[in-house]
């Protein structure tokens, strides 16, 4: 257990010491920031900081330094606070105190805070409501849990002898907790989500965007007096919208702790097996072939479907040009017959994918789900917050849409809007958030796989008609899982993240070869269109990346053309 002088346990002591050394007019803020950044930059220090995601709050000390990973679900208005405030003791002697990285202005038992002193300095900080990463799969959580250091037992002794005061609060913490409202909605985007959301407070104007996945190192604040305490009053001063907004913005810290950021950054990926910038793969072609063997079994012996699913799994939007999102590769895996579904084929397929991707979500496309589920986030002006929807997801969340469970029925107006939202996500990688008076377009980067018997309702980048070579679904997936040894699972998980992040270039020579190919093809009766060429270039890029190649080669170009030709031949055979 760390000692009481360990800065990770008592970080406010560091702030107070530097403040005293520099004085209120000195560069104490820069010195504090420099100190924490230098300490946190050490990997050995980071490893001993507990994750809020994996540690029950009662096992954490108030005001200790912790880590948190989450998605920015909403952005609140800036908050003003006392960056420097004056304290006076019973003898009339005054001193200045730093208020940064605190929610509650503190003073000694024989002191009082002078809030109207001209020496007080007001600061402002940005506030983000962050939820645990939606769709994060169990294997990811298990690895983070294994890496999580043992946490000290909860302690309320630190600072117990100090008086605390938040702006406008007159009652003690116990009274605050007693008067707190009922458990608030935690505003998780996906049904069944669990975990600890946080209110993340940043300084020096550090800002993030909606749906960013961030990693935070910050000071934990869980004082119960921070909870909303508004109740209707007879004079009507605090009613209606004000009560709702205060409840939404000041949830009980026992459910939504506050984190004062010492360091925060967006995460390029959420794979705990890899550093932020993954190293080069040692043998990507071998890992690709082993993954292909697994997927061939999962595709009932269909090698073409396996090849294209690999491309789908590493696809990612790398550029936006006008309204086009370049790099996406959504797949409609059709041909899922009732004979396959009787053996729970789509359920087994999704369960396999869950083991190899970091984030995913499976949505059965039923009339009830389409007509009742909130797909699109909506602004609640009463509570002044963004009410989450199912499509508020961080990038690289694999969305699995199952149309095989769709039965006859009628979509109502909400169902039609939801279908439109899904279509915009698949085709344009965007979701139009509902701000009631207008929509705000949010870009997404969500790989989508639709399974269906016939062609899906929503057109994908590629429809792949499954041609099973086997009939026993259970046996096929038993063989697939048998191939997934722990070592291979680790290799595949590393491979999928690393290949998705590889750089890619198209040389001048290959551009000329592709253009010549296109011109020659246009001369034939069955020549490809400009749109076909675009899709083929995206596929070729993904084939190259799947082999660990960072540029297009003639062999890869030929392989991509063969895959696309075979895919189209299947569709033509199926339509005859």
Query raised in the report: What distance in nm separates the simple spin-label points at residue 562 and residue 185, each placed 7 Å from Cα in the Cβ direction?
Result: 5.4 nm
Query raised in the report: Using alpha carbons only, how many degrees (0 to 90, rounded to 10) separate the axis of helix 473-483 from the longest principal axis of the chain?
Result: 60 degrees
**Report entry** Label-to-label distance, nm, for residues given as residue 323 and residue 366 (7 Å Cα→Cβ offset)
**Finding:** 3.4 nm
Query raised in the report: Could you state the number of Å between the C-alpha centres of region 252-302 and region 397-470?
Result: 24 Å
Query - Rounded to 10°, Cα long-axis angle of helix 303-313 versus longest principal axis of the chain - result: 20 degrees
Query - Most to least packed among 533-545, 348-360 [average Cβ atoms within 10 Å] - result: 533-545, 348-360
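Which whole-number percent is the relative contact order of the chain (Cα, under 8 Å, 6+ apart)?
Relative contact order here is 14 percent.
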**Report entry** Using alpha-carbon coordinates, inclination of helix 345-354 to the longest axis of the chain, degrees
**Finding:** 50 degrees
**Report entry** Contour excess over end-to-end distance, with Cα ends at residue 412 and residue 550 and 0.36 nm allotted per residue
**Finding:** 45.0 nm
Query raised in the report: Which FRET efficiency value, to the nearest 0.05, is calculated for residue 16 and residue 571 with the Förster distance at 56 angstrom and r the Cβ-Cβ distance?
Result: 0.20
Report summary line: Reduced to Cα centres, the span from region 93-140 to region 497-576 in Å works out to 55 Å
Query - the chain: calculated mean residue ellipticity at 222 nm from DSSP helix runs of at least 4, using -39500 (n - 2.57) - result: -10500 deg cm²/dmol
Requested in this report: Can you tell me which of 203-210, 79-86 comes out highest on packing, and rank the rest after it, using the mean Cβ neighbours within 10 Å?
Outcome: 79-86, 203-210
Query raised in the report: Going 7 Å from the Cα of residue 119 toward and past its Cβ, which residues in region 76-111 have a backbone nitrogen under 16 Å from where you end up?
Result: 83-99, 106-108, 111
Query raised in the report: Which of the peptides 279-290, 260-271 is most tightly packed, and how do the rest follow, judged by the mean count of other Cβ atoms within 10 Å per residue?
Result: 260-271, 279-290
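FYI, it's all coordinate maths here, none of it is from the lab. Bear in mind that the values here come from a model prediction, so they are computed numbers and not experimental data. Every residue, glycine among them, receives a Cβ derived from its backbone with ideal geometry; neighbour counts consider all protein chains shown.
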